[in-house]
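Novice: Quick one: this structure, given as structure tokens, is what I'll be asking you about.
Bear in mind these aren't lab numbers, they're just calculated from the coordinates by the rules spelled out. Because the structure is a prediction, the values reported are computed rather than measured. All Cβ positions, glycine included, derive from the backbone under ideal geometry; neighbour counts span all protein chains shown.
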Amino acid sequence: MQLGQRAGIVSREPGRLGRGWSYQLTDKGRDLKAVCDAMGQWGARWLEIEPQHQDPAYVLWATIKLVDVDKLPDHTVVIRVEMRDRPAESYWLILRKPHPELCTKAMGYVEDIVAHTDSACLIDIHLKRTTYREALRGGRLVLHGPPRLTRAFVTWIRPSPYAEIAPAQIPAP
């Protein structure tokens, strides 16, 4: 990120919660969108999912980037994500306009929804191998909270823009 700052691609501001930093693209950085999209398409076609990509923090960080803030309610919604395959880990999605956040530590917010799932389900939803509704019906994702919020939640997050790209069939050596 420091390189991006020095190149004038991103700017850095103190985080909204008074800790950490928030990075924003500059006009110069936004001009790189076509290049980044092309690299994302190439990666979706040619790169395999590696173990670090199965880390819930990584997948949830990518998920936060896909929140459709125009569909969020006017108030902050906090979702605690409990991982069945990593019971010692919890994550919090702080869904608010204009910038949703992911936290790895409780920040004292009232939790509106508690989600129970596993890493494989998060990846499958992110890559559009399944939908939130299918994961809910199959019990791979369980949401506890007010029905109006749990019903709306599935509409707030878009799938990866690269989910439709078929991986290349790489011949065995």
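Novice: About the Cα centre of the range 34-173, how large is the charge dipole given +1 on each Lys and Arg Cβ and -1 on each Asp and Glu Cβ? Please answer in debye to the nearest 20.
Specialist: Approximately 360 debye in magnitude.
Novice: Given a cut-off of under 8 Å on Cα pairs at least six residues apart, what relative contact order in percent is computed for the range 51-156?
Specialist: It rounds to 26 percent for the range 51-156.
Novice: Taking R0 as 22 Å, what's the FRET efficiency between Leu32 and Ile165 from their Cβ-Cβ distance, rounded to 0.05?
Specialist: For Leu32 and Ile165, the calculated efficiency is 0.65.
Novice: What FRET efficiency comes out for Thr76 versus Thr131 if R0 is 22 angstrom and r is the Cβ-Cβ distance? Round to the nearest 0.05.
Specialist: 0.30
Novice: Between Asp85 and Ala152, take the C-beta separation as r, use R0 = 35 Å, and let me know the FRET efficiency to the nearest 0.05.
Specialist: My answer for the efficiency is 0.85.
Novice: Show me 55-66, 106-117, 20-31 ranked by packing, highest mean number of other Cβ atoms within 10 Å first.
Specialist: Ranking, from highest mean packing down: 55-66, 106-117, 20-31.
Novice: To continue, here is another question. For the chain, what percent of Cα pairs sit more than 28 Å apart?
Specialist: 29 percent
Novice: On a C-alpha basis, how far is the centre of the range 124-151 from the centre of the range 42-109 in Å? Whole number, if you could?
Specialist: Computed from Cα coordinates, the inter-centre distance equals 14 Å.
Novice: Looking at the range 2-46, what % of the alpha carbon pairs are farther apart than 18 Å?
Specialist: That fraction is 44 percent.
Novice: Now a separate question. Of the listed pairs Lys33/Lys128; Lys28/Lys128; Lys33/Lys105, which have alpha-carbon separations greater than 29 Å here?
Specialist: Violating the 29 Å Cα-Cα cut-off are Lys28/Lys128; Lys33/Lys105.
Novice: Identify all lysines with a Cα-Cα distance to Lys71 below 16 Å; exclude those on the same chain that are fewer than 8 residues away in sequence.
Specialist: Within reach: Lys97.
Novice: Can you tell me the convex hull volume per residue for the range 1-89, based on C-alpha atoms, in Å³ to the nearest whole number?
Specialist: Spelled out: Cα convex hull of the range 1-89, divided by residues, is 175 Å³.
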